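A short write-up of the structure that comes next.
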């Protein structure tokens with residue numbers, strides 16, 4: 001069921017606001033819905049509004065009122081977060097996303113629409129997240145990956161990997177590419193939040209795209225708009241791309257447990273930064289709304305510089321005492 005069918009009126013209005021007014025992606029709106037649905041269902045059980053043994057997914061929230069959400073206390077929210085950590089075993093990042101959804105919902109009810117006078121989550125702390133550097137492939141590993149492409153979909157798979165590694169596309173942007181988005185030396189990318197940007201193609205990408213389009217023009221498909229097609233001759237799915245990347249990594253002898261299509265995006269960003277692309281240009285290329293998101297790659301570059309310094313053969317040089325002079 002979609003949120004239009006399953007969400008109560010007050011929650012549905014919040015989601016429509018983000019969908020139509022804010023113009024956020026379907027994936028983002030769906031995440032808000034699933035988070036707030038889980039929260040509401042939990043409260044129904046915690047408040048004994050349904051039998052205690054009711055499974056969370058069986059709780060019907062369609063009749064939930066504004067007064068219900070207005071009666072929520074901060075202690076109930078803390079109990080909910082404890083439940084997520086203890087019973088659902090959600091990590092800090094997942095709980096932080098849940099808090100973001102709750103804060104956004106109550107900010108909408110109190111500040112944007114003024115339906116409630118009090119925000120119960122205003123002072124709610126977000127779990128501290130451990131900052132980690134993203135995994136990525138080295139230049140040599142990237143070459144190994146491209147050289148490992150094989151099989152009946154060789155031209156398609158090579159083109160997808162080439163665009164990942166050279167242009168830093170998101171997987172959703174890759175599968176969403178249409179033939180009309182292809183220019184002579186660039187692609188029109190429809191990114192997060194329905195924001196468009198232009199990504200220019202280097203010679204390798206132009207050649208890979210032309211090779212695939214030569215094969216694609218002879219394929220009879222029900223989706224005449226899609227650039228990349230599945231073996232069933234329909235638009236390729238996110239799952240299919242993930243499986244292809246995993247298999248090609250294994251064929252190349254690389255660690256497929258730590259590298260995903262999104263890590264190939266990290267690889268493109270890191271390689272460009274290491275080869276002179278400034279961080280603001282990288283921000284535009286990747287479609288990051290905030291420069292802070294792009295700054296993670298400067299930390300990678302600094303880590304590489306530190307590693308290079310340690311690798312210098314003089315790194316452990318110690319001068320000897322010179323006793324020749326008296």
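The values are calculated or read from the model by the stated rules, or taken from the named source; none is laboratory data. In this text the structure is predicted, and so the values were computed from the model without any measurement. Note that we place each Cβ from the backbone using ideal geometry, even for glycine, and neighbour counts take in every protein chain shown.
Summary of computed values
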| read-out | value |
| --- | --- |
| From the options 68, 105, residue that is touching a residue at least 60 places away in the same chain (Cβ under 8 Å), within 25 Å of residue 4 (Cβ to Cβ) and either in the same structural domain as residue 10 (by TED's automatic domain parsing) or in contact with a strand residue (DSSP E or B) (Cβ under 6 Å, 6 or more places away or on another chain) (or both) | 105 |
| The one condition in (1) outside any loop (DSSP other than H, G, I, E, B); (2) over 21 Å from residue 138 (Cβ atoms); (3) at pLDDT 80 or above that residue 280 fails to fulfil | (3) |
| Boolean, residue 121 is touching a helix residue (DSSP H, G or I) at 6+ places or on another chain (Cβ under 6 Å), outside the structural domain of residue 71 (by TED's automatic domain parsing) and under 29 Å from residue 36 (Cα atoms) | yes |
| Residue count, segment 48-68 (criterion: in a loop (DSSP other than H, G, I, E, B) and surrounded by 12 or more Cβ atoms within 10 Å (Cβ to Cβ)) | 8 |
| Matching residues, segment 103-116, being closer than 14 Å to residue 12 by Cα and in a helix (DSSP H, G or I) | 104, 105, 106, 108, 109 |
| Candidate set: segment 177-204, residues that are over 22 Å from residue 237 (Cβ atoms) and over 22 Å from the mean Cα position of the chain (by Cα); chosen: the one modelled with the lowest pLDDT | 184 |
| Those residues of segment 28-47 which are within 18 Å of residue 108 (Cα to Cα) and either in contact with a helix residue (DSSP H, G or I) (Cβ under 8 Å, 6 or more places away or on another chain) or not in a helix (DSSP H, G or I) (or both), in sequence order | 28, 29, 30, 31, 32, 33, 35, 36, 37, 39, 40 |
| Which numbered condition residue 144 misses (of (1) assigned to a helix (DSSP H, G or I); (2) surrounded by fewer than 14 Cβ atoms within 10 Å (Cβ to Cβ); (3) modelled with pLDDT of 85 or more) | (2) |
| Residue count, segment 151-187 (criterion: in a strand (DSSP E or B) and touching a strand residue (DSSP E or B) at 6+ places or on another chain (Cβ under 6 Å)) | 2 |
| Filter result (loosely packed, with under 12 Cβ neighbours inside 10 Å and in contact with a strand residue (DSSP E or B) (Cβ under 7 Å, 6 or more places away or on another chain)) within segment 188-198 | 196 |
| Residue satisfying all of: in segment 1-12; in a helix (DSSP H, G or I) and surrounded by fewer than 14 Cβ atoms within 10 Å (Cβ to Cβ); modelled with the highest pLDDT among these | 9 |
| Out of 238, 243, 215, sole residue that is over 18 Å from residue 167 (Cβ atoms), assigned by TED's automatic domain parsing to the domain that holds residue 153 and in contact with a helix residue (DSSP H, G or I) (Cβ under 7 Å, 6 or more places away or on another chain) | 215 |
| Counted residues, segment 13-27 - those being buried (at least 17 other Cβ atoms within 10 Å of the Cβ) and either in a helix (DSSP H, G or I) or free of Cβ contacts under 8 Å to residues at least 12 places away in the same chain (or both) | 4 |
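Yes/no matrix, rows are residues, columns are (1) farther than 20 Å from residue 138 by Cβ; (2) in contact (Cβ under 8 Å) with a residue 60 or more places away in the chain; (3) under 22 Å from the mean Cα position of the chain (by Cα):
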{"site": "208", "(1), (2), (3)": "yes, no, no"}
{"site": "238", "(1), (2), (3)": "yes, yes, yes"}
{"site": "241", "(1), (2), (3)": "yes, yes, yes"}
{"site": "253", "(1), (2), (3)": "no, yes, no"}
{"site": "265", "(1), (2), (3)": "no, yes, yes"}
